[in-house]
């Protein structure tokens, strides 16, 4: 039986358009990242600050649009697993294996990015939110610039009436990959702090100027989260 449109979001895509070498590489990367995140994630010791912001969204009958920086995707993927959150992944080779390993953690994947397929992906995300699925954006992905928020989540918030929920996971100790985003891979058994900021709503009648104001508000919120996380980590190192 052919899967429904919603089921397809949570299932691995067909790889027939890729060469045999590419298919093997995608499956190998999927396997590696899933088991790496799962094994290290199980050892992390999480504490949460600002959970009342998430609770207030849920109490109001809304859904969160989780927004965070791309370099925190490792710990974030593990913490928010199996919550039926839908994530936008790029229409690329890298996007394919990312989609596959996050789907193993119970996420949905919608294909698109700020450079390709973004409009159709946004339409699909609006449809899925109306069906009751929360969303998530790595707001400086898929290729940067690092720590610069893009407009996608603001547009989704406008179209759905659901708020953006900025958050950050700061890890006490991590390895840093020399990639464009300086990806953080937590070291096993590290303490980790999840910090939620206040939700950001976007009016349904927001014009370009208001949308830009909201993007800047999101940028400021995420910048403050980075500073708060770094302050917490320094405190852990001194204690």
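Each reported figure results from applying straightforward, stated rules to the coordinates on display, with no laboratory input. Predicted model only: the values in this text are computed from it and were never measured. FYI the Cβ positions are ideal-geometry reconstructions off the backbone, even for glycines, and counts take in every protein chain you see.
Quick notes on this structure:
- Each peptide in 67-80, 39-52 receives the mean, over its residues, of other Cβ atoms within 10 Å, and ordering these scores from highest gives 67-80, 39-52.
- The fewest-to-most ranking of 60, 173 by surrounding Cβ atoms within 10 Å reads 60, 173.
- The radius of gyration of the Cα set in the stretch 44-104, together with its Dmax, comes out at 13.5, 39 angstrom.
- Semi-axes of the equivalent ellipsoid for the chain, computed as √(5λ) from the eigenvalues of its C-alpha gyration tensor and ordered from largest down, come to 26, 25, 16 Å.
- Beta bridges assigned by DSSP with both partners in the chain are antiparallel in approximately 35 percent of cases.
- Cβ crowding within 10 Å, taken as a proxy for footprinting-reagent exposure, orders 150, 187 from fewest neighbours to most as 187, 150.
- Each principal axis of the Cα atoms in the stretch 130-239 has its own extent, and those three values, largest first, are 48, 28, 26 angstrom.
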